[in-house]
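To keep things clear, I will list the structure first and then write my remarks on it.
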Amino acid sequence: MSSPSAPTPAPPPPAAPGSEPIVVTNLSKWFGDVVAVSDISFTVWPGVTALLGPNGAGKSTALRMIAGLTPPSQGTVSVLGANPRRDTAVRGRIGLVSQEEHLFQEQRALDFVTLAGQLNHLSDAEGAARKVLATVELDPDDKRPIASYSKGMRQRVKLAQALVHEPDVLLADEPLTGLDPRQRLHMIKLIQDLGANGVCVVVSSHVLDEVERLGSRVLVIAQGRMAAQGDFHGIRALMDDRPHRIRVRASDARELGAQLLAHAGVRGVSVSATDELEVNTDDVELFRTRIASVAKAANVRLLEVQPLDDDLESVFRYLVGR
């Protein structure tokens, strides 16, 4: 469900008609009575597009349908002008970094990535595997099995196998999970470089700060539905433009509540105890800058100011419910 006040998507790069790498139209997927994805539509051009949503929002299911791994229950997917479910040639132009860990645990990283290259009919699969493992900062000659690797190392092995055949489309499901800060920066830079070089990259994440670093184009999905799409800054502004609930503890909650109602940005006040109240505000920044002075003028001592709905999950619920 698209938000009526969602920001207008940023203009895409010039492209010939029909050349859009990914076109999703009225896409739905259900498993029995469970609806995982519900009637989503979007188009993705070369560059980096972030698929943002809380855990369980339907991001992984959407990526699996785009990759051709699972059929949609309704709607269509076109990748590079073809149906990825039916066209094996176009599937060979897609790289997938799955969130699930279906790796050959007893294999070396070099063997695993070489196999991916062979399955994509590379003439020198081992040479390509060595090159891409070095790109993700892994030693091609490491003789340890993948099972012994850390989470971050396994993530980089998955990225290597997705890139070994130099795909035109890269679908990466939560690729930054488990990486240490330095590895995370390297992965973000690598993804950005791929997008700058014309690869169509779709990266899913449930972390807003990650999305801000990855790309300016954002698709927001929640409860299986499209909540918003557009430029990152417009999405961020939309997320911030919502009522906020804030719990305040003070020496005299009733007096402080009465004074706060007289100031701009406060929509309502509910006193739950002599020293506690809940504030609804449309302008959280104004509230934050003024509450201390209001409390001082009322001769009330502030004990605690705690946001109740600043978590990402609540933002998505708000976007979907608009």
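No lab work stands behind these numbers, since they all come straight from the coordinates. Because the structure is a prediction, the values reported are computed rather than measured. Methodologically, a virtual Cβ is constructed for each residue, glycine included, from the backbone with ideal geometry; neighbour enumeration extends over all protein chains shown.
With a ≥ b ≥ c taken as the square roots of the eigenvalues of the C-alpha gyration tensor of segment 97-140, please select rounded if a/c is under 1.5 and otherwise prolate if a/b is larger than b/c or oblate if it is not? Oblate. Indicate the gyration tensor shape class of segment 122-219 (rounded, prolate or oblate), computed on the Cα atoms with a ≥ b ≥ c the square roots of the eigenvalues: a/c under 1.5 is rounded; otherwise a/b larger than b/c is prolate and the rest oblate. Cα axes put segment 122-219 in the oblate bin. Modelled spin-label separation between Lys131 and Ser251, with each label point placed 7 Å from Cα along the Cα-to-Cβ direction: 7.1 nm.
What do you get for trypsin sites (Lys or Arg not before Pro) in segment 41-133 restricted to DSSP loop and a cutoff of at most 15 other Cβ within 10 Å of the site's Cβ? List each step's numbers first, then the result.
Numbers: sites: Lys59, Arg64, Arg85, Arg86, Arg91, Arg93, Arg108, Arg130, Lys131; in loops: Arg85, Arg86, Arg93.
In loop regions of segment 41-133 (DSSP not H, G, I, E or B), the sparsely surrounded trypsin sites (Lys or Arg not before Pro) are Arg86.
Residue order for Thr274, Thr177, Thr61, fewest other beta carbons within 10 angstrom first, comes to Thr274, Thr177, Thr61. In summary, the lysines within cross-link reach of Lys131, defined as a Cα separation below 27 angstrom excluding same-chain residues under 8 places away, comprise Lys143, Lys151, Lys158, Lys189. Computed extension length for Ala147-His263: 35.8 nm, one decimal, from 0.36 nm per residue of separation with the Cα-Cα distance subtracted. In this structure, the amide hydrogen of Leu303, modeled 1.01 Å from its nitrogen in the peptide plane, lies closer than 5 angstrom to those of Arg249, Ala250, Ser251, counting only residues at least 5 positions away or on a different chain. Choose one answer from Gln155, Gln223, Gln74: the residue with the largest mean-square fluctuation in a GNM of the chain with alpha-carbon springs under 10 Å. Taking springs between Cα atoms under 10 Å, the residue moving most is Gln74. Comparing Ala273, Ala67, Ala160 in a Gaussian network model of the chain where C-alpha atoms under 10 Å apart are linked, the largest mean-square fluctuation is found at Ala273. Using the alpha carbons alone, the radius of gyration of segment 22-240 stands to its Kirkwood radius in an Rg to Rh ratio of 0.96. Highest mobility in the GNM of the chain, judged by mean-square fluctuation with C-alpha springs under 10 Å and restricted to Ala125, Ala292, Ala36, is found for Ala292.
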